[in-house]
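Read through the structure below, which is laid out as structure tokens, and then see the notes.
What follows draws every value from the coordinates through simple rules; no lab data is involved. Not measured: the values here are computed from a predicted model. Every residue, glycine among them, receives a Cβ derived from its backbone with ideal geometry; neighbour counts consider all protein chains shown.
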């Protein structure tokens, strides 16, 4: 049976304020926990469902975790309701300590993907995963984006949270202004911009994608160029993660 | 207060078997219900939250629905728990009658988007929305895809369910075999295909996207060509809706 204090700790991490206070988040599943161990993340502890501890994949994780001196706790089936984040608990979770990022962490020789007011955790996670796929690891979030350490976001990144640099701004407009003074250019994806095919990718571009309901805020749009993914049908707009995928592919692959 | 039989009817439609039996599904929200009315869908009835009936957008819907002789029921706040499909009920829903499609309905002069074993309702809905955006309205689902009339799927289509032709196969392998004998070619998106940039879009192509966990089944892959979206980073794969977006954009826009 799982210790009370461990249960309590995990439960607190379901809330954003405690994730922030402890600088910790939860990742579930073999792939997620395995990815954390492989990426040298700072794993605080791992919880494994008692009856799954003989599974081949879980045995491998146990071995690796023991080698790294990471605490492992075992839980009974009746503990699961108290700790799970997904509907069907995949038998394993890890609590990860994260280090706070600063804006400088995402300043390098690659463009920046900026999200303005993206509220859906699945969309945020999918965009992080897509950015990782295309080798574009610099992600800048506006102050009002959904928390990146939200369990749904973490899950949707499919492990890419460990391969990308993500900085959540306290004031996105002022951060972007500063960046444009340091030679960055703003490229916003809007409904009324130039055709995306005209876009010339540059390594000092910041590509900004807005929320589904309101798009990129006008203060940001006015800082630079705007482009649109041309459509032919009846849909009013594209999902923001799909838009980001199309633009990131264009930046990286060109054709 | 909402009549008991209406509540019961709506509740049944939360289950796939009743959606199939009645050939009906639920759509929530002003955009969804508005879209249904505009697209001349067969609306069985509409339910509106009593206290929202003076809202400007809802008043417009009421007017339009009355013009079309569509039944409107009003519900009290305490009814909502019994009927809602989303966490926060947006004040309005409609029950739509759908007509069963056949394979022939998606055979025309445009390519077909085929989904093999896509289980996530959000991904299915997002792909339908994306296909609609790019003017590619022919969608073919394998027998084991998630139900297209699932409430989450319907919601993620953002109204595009009314602008696309969707046929769910009873036996996808045999349907695809038949189509290849009728001059269609199969193009599967896989992890080990040719670079997507080599793809020559043709109007008689069927583009097949597989489930996130297993990809396109090998029986289908073997029927035609395979292509891959080239990546550079660490992510193992792309989300299927993002992949579909990138490919559909390539088919339609080329550059």
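Which whole-number percent of Cα pairs in the stretch A:103-254 have a distance greater than 28 Å? Let's see the in-between values first.
Working: 1127 of 11476 pairs.
The proportion of pairs with Cα distances above 28 Å equals 10 percent.
Of all DSSP-defined beta bridges confined to the stretch B:103-254, some 5% are antiparallel rather than parallel. Over what distance in Å are the Cα centres of the stretch B:25-74 and the stretch A:81-118 separated? Rounded to whole Å, the Cα centres lie 40 Å apart. The order of B:242, B:118, going from fewest to most other C-beta atoms within 10 Å of their C-beta, is B:118, B:242. Applying 0.36 nm per residue to the separation of residue A:31 and residue A:181 and subtracting their alpha-carbon distance, the gain on full extension is 49.9 nm. Rounded to the nearest 10 degrees, the angle from helix B:56-67 to the longest Cα principal axis of chain B is 90 degrees.
Within 10 Å of each Cβ of B:223-236, how many other protein chain Cβ atoms are there on average? Let's see the in-between values first.
Working: counts 0, 0, 0, 0, 0, 0, 5, 5, 8, 7, 13, 13, 14, 8.
That average works out to 5.
Note on the stretch B:1-52: Cα-only Rg and Dmax are 11.8, 33 Å. Ranked from shortest, the separations from the 7 Å Cα-to-Cβ label point of residue A:101 to its equivalents in the other copies are 3.9 nm. Name the most mobile residue of A:215, A:165, A:233, meaning the one with the largest mean-square fluctuation, in a Gaussian network model of chain A with Cα contacts below 10 Å. Of the options given, A:233 has the highest mean-square fluctuation. Given the -39500 (n - 2.57) contribution per DSSP H run of 4+ residues, what per-residue ellipticity at 222 nm results for chain B, rounded to the nearest 500 deg cm²/dmol? The helix contribution divided over chain B gives -10000 deg cm²/dmol. Our Cα-only numbers for the protein assembly as shown put the radius of gyration and Dmax at 23.9, 72 Å.
As a length-normalised measure over Cα pairs under 8 Å and 6 or more apart, the relative contact order of chain A settles at 19 percent. Per residue of B:196-205, other chain Cβ atoms within 10 Å of the residue Cβ number 1 on average.
Do me a favour and compute the ellipsoid semi-axes for the stretch B:171-255 from its Cα gyration tensor, root of five times each eigenvalue, largest one first, whole Å. The partial results should precede the final answer.
Working: eigenvalues 90, 51, 21 Å².
Equivalent ellipsoid semi-axes, largest first: 21, 16, 10 Å.
Taking label points 7 Å from Cα along the Cα-to-Cβ direction, residue B:77 and residue A:15 give a separation of 2.5 nm. Hull volume per residue, based on the alpha-carbon atoms of the stretch A:146-217 and their convex hull, is 139 Å³. Based on alpha carbons, the Rg and Dmax found for the stretch B:70-130 are 17.1, 50 Å. Each residue in B:25, A:162 was given a count of other beta-carbon atoms within 10 angstrom of its own, and listing them fewest first yields A:162, B:25. If R0 equals 45 Å, the separation of the Cβ atoms of residue B:60 and residue A:173 corresponds to a calculated FRET efficiency of about 0.80. The angle between the Cα long axis of helix A:121-133 and the longest principal axis of the Cα atoms of chain A comes to about 80 degrees, rounded to the nearest 10.
Applying 1/(1 + (r/R0)^6) with R0 = 41 Å to the Cβ-Cβ distance of residue B:192 and residue B:102, what FRET efficiency is obtained, to the nearest 0.05?
Working: r = 34 Å, r/R0 = 0.83.
Efficiency at R0 = 41 Å is approximately 0.75.
Take the convex hull of the alpha carbons in chain B; its mean projected area over all directions comes to 14.9 nm².
Given the alpha-carbon gyration tensor of the stretch B:4-97, what are the semi-axes of its equivalent ellipsoid in whole angstrom, ordered largest first, with each equal to the square root of 5 times an eigenvalue? Walk me through the numbers on the way to the answer.
On the way: eigenvalues 74, 54, 24 Å².
Semi-axes (√(5λ), whole Å): 19, 16, 11.
Relative to the longest principal axis of the Cα atoms of chain B, helix B:240-253 runs at roughly 70 degrees. Of all DSSP bridge pairs formed entirely within chain B, close to 30 percent run antiparallel.
Computed from label points 7 Å out along Cα-Cβ, the spacing between residue B:214 and residue A:38 is 2.3 nm. Distance between the pseudo-spin-label points of residue A:5 and residue B:87 (7 Å out from Cα toward the beta carbon): 3.2 nm. Ranked for footprinting exposure by Cβ neighbours inside 10 Å, fewest first, B:129, A:226 give A:226, B:129.
Remark: relative contact order (the stretch A:103-254) = 28 percent; criterion is Cα-Cα distance under 8 angstrom and separation of 6 or more residues.
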